[in-house]
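Following: one structure in C-alpha cells, then a few remarks.
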Amino acid sequence: MRILLVEDDVDLSGRIAASLRAENFVVDIARNGEDGEHAGLTEIYDVVVLDLGLPTSDGVTVLKSWRSQGRNFPVMVLTAREGWPDKVAAFKAGADDFLTKPFRFEELVLRLRALVRRAAGHAASIVQCGDISYDAQLGTFEQSGLPLKLTAFEWRVLSCLMLRKETIIDKRELLERVYEGDADVDSNSIEVIVARLRRKIGADRIETERGRGYRLTKGT
C-alpha cells in the first residue's frame, strides 16, 4: 500500500515514515502544500496523511483541489489544531478521518489500514479469498488457518491483490504500490515477486492476464 505523507515538520515526518515503512507501507513525503497537491494529482495512492498548517498552501486548500479534480483516495488529516471549526473545515473539504497531535503511531497505522480497507469496499476487517484470509486491521495473512510468512515486497503485492480480489491489477500499478518513487527498480521485479508468492500460496492462485496484469482468485 502506498501512502502520501504531507507534513512540513522534518523530524515528525521522518518518524511517521519510519513507523509506516516498518508496517510494510510505501511512503512518499511532501513537505509543503504545493508539492503535496502536485503529488496527489499525478501519482497513485491508497491513502494520504495530510497536515493542515503547511507552507505555500494550507491543507484544506490542498484537499479541496484534490477533490475538485476527482482524486478520491481516503485522506487522514493529522494536525495540532484541536478546534471544532478546523475539523468542520477539513471534513467539508473531503477529509475521511481526523487525528490530533500528539498521537500514538499504533493508532495512526490502525486508522490508515481501516481507511484503505473501506475504500476498497470491505466493511469487515477480515478479507477472504478461498483459503487465504487477510486481517486488514492487523496486516496479517493466513492460509488454511496457518500464518503466511511473507517478505515486505510479497506482503505489499498480496495485500493489493487481496483487497481487489478477482480483479485484474495492472503491473505498473503494482510497481507503484510496492516501490518508493526514488527506488532503482528492475522491470522484471514484479514477475519475480509474483513467482515467489505462487510458490507459497499455490501456482493457480495468481492468474496472469497477458498485457494487462495479475488477478488473485479463489483457486480450484
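The values are calculated or read from the model by the stated rules, or taken from the named source; none is laboratory data. It should be emphasised that the depicted structure is a prediction, and the values quoted were computed from it without experimental measurement. Note that each Cβ is placed from the backbone with ideal geometry, even for glycine, and that neighbours are counted across all protein chains shown.
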Self-check item: Neighbours by Cβ (under 7 Å, 6+ apart or cross-chain): first from segment 8-27, closer than 13 Å to residue 48 by Cα; second assigned to a strand (DSSP E or B) and of a type in the set (Lys, Arg)
Solution: 26/2
Quiz prompt | Failed condition for residue 53, given (1) modelled with pLDDT under 95; (2) in contact with a Ser or Thr (Cβ under 6 Å, 6 or more places away or on another chain) | solution = (2)
Quiz item: Taking the stated definitions as given, is residue 3 outside any helix (DSSP H, G or I) and touching a residue at least 60 places away in the same chain (Cβ under 8 Å)?
Solution: yes
Quiz prompt | Subset of segment 94-139 (residues that are within 16 Å of the chain's Cα centre (by Cα) and of a type in the set (Asp, Glu)) | solution = 96, 97, 106, 107, 135
Practice problem: Identify the single condition in (1) surrounded by 15 or more Cβ atoms within 10 Å (Cβ to Cβ); (2) closer than 30 Å to residue 82 by Cβ that residue 105 does not satisfy, given that it satisfies every other one. | Solution: (1)
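Kindly indicate whether any position in segment 128-142 is among the β-branched types (Val, Ile, Thr), touching a Phe, Trp or Tyr at 6+ places or on another chain (Cβ under 6 Å) and not in a helix (DSSP H, G or I). Before the answer, list the steps.
Of segment 128-142, the ones among the β-branched types (Val, Ile, Thr) are 132, 140.
Subsequent filtering for residues that are touching a Phe, Trp or Tyr at 6+ places or on another chain (Cβ under 6 Å) retains none.
Looking for residues that are among the β-branched types (Val, Ile, Thr), touching a Phe, Trp or Tyr at 6+ places or on another chain (Cβ under 6 Å) and not in a helix (DSSP H, G or I), one finds none in segment 128-142, hence no.
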Quiz item: Based on what the data block shows, is residue 120 free of Cβ contacts under 8 Å to residues at least 40 places away in the same chain and either closer than 17 Å to residue 73 by Cβ or in contact with an Asp or Glu (Cβ under 7 Å, 6 or more places away or on another chain) (or both)?
Solution: no
Exercise. Just name the residue that is farthest from residue 137 (Cα to Cα) out of those in segment 63-122 that are part of a helix (DSSP H, G or I) and among the basic types (Lys, Arg).
Key: 64
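Any chance you could count how many residues in segment 201-218 are surrounded by 15 or more Cβ atoms within 10 Å (Cβ to Cβ), in contact (Cβ under 8 Å) with a residue 40 or more places away in the chain and of a type outside the set (Val, Ile, Thr)? I'd like the intermediate steps shown before the answer.
To start, the set of residues in segment 201-218 that are surrounded by 15 or more Cβ atoms within 10 Å (Cβ to Cβ) comprises 201-202, 205-206, 213-217.
Pick out the ones that are also in contact (Cβ under 8 Å) with a residue 40 or more places away in the chain and you get 201, 205-206, 213-217.
From what's left, of a type outside the set (Val, Ile, Thr): 205, 213-216.
Here the count works out to 5.
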Practice problem: For residues that are surrounded by 19 or more Cβ atoms within 10 Å (Cβ to Cβ) and part of a loop (DSSP other than H, G, I, E, B), tally how many sit in segment 31-62. | Solution: 5
Exercise. Go through segment 18-68 and give me each residue that's closer than 17 Å to residue 87 by Cα and under 11 Å from the mean Cα position of the chain (by Cα).
Key: 48, 49
Exercise. Give 16, 29, 3 a once-over and let me know the one that is hydrophobic (A, V, I, L, M, F, W, C) and in contact with a Gly (Cβ under 9 Å, 6 or more places away or on another chain).
Key: 29
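Per-residue answers, yes or no, for (1) within 29 Å of residue 39 (Cα to Cα); (2) modelled with pLDDT of 95 or more:
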residue	(1), (2)
133	no, yes
138	yes, no
158	yes, yes
170	yes, no
Quiz item: How about segment 15-30: which of its residues are out of contact with any strand residue (DSSP E or B) (no Cβ under 8 Å at 6 or more places or on another chain) and either part of a strand (DSSP E or B) or on the phi < 0 side of the Ramachandran plot (or both)?
Solution: 15, 18, 19, 22, 23
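Does residue 86 meet the test of being surrounded by 15 or more Cβ atoms within 10 Å (Cβ to Cβ), of a type in the set (Asp, Glu) and modelled with pLDDT of 95 or more? Full working, then the answer.
Working: surrounded by 15 or more Cβ atoms within 10 Å (Cβ to Cβ): yes; of a type in the set (Asp, Glu): yes; modelled with pLDDT of 95 or more: no.
No, not satisfied.
Please go through segment 196-205 and pick out each residue that is among the aliphatic types (A, V, I, L, M) and modelled with pLDDT under 95.
203
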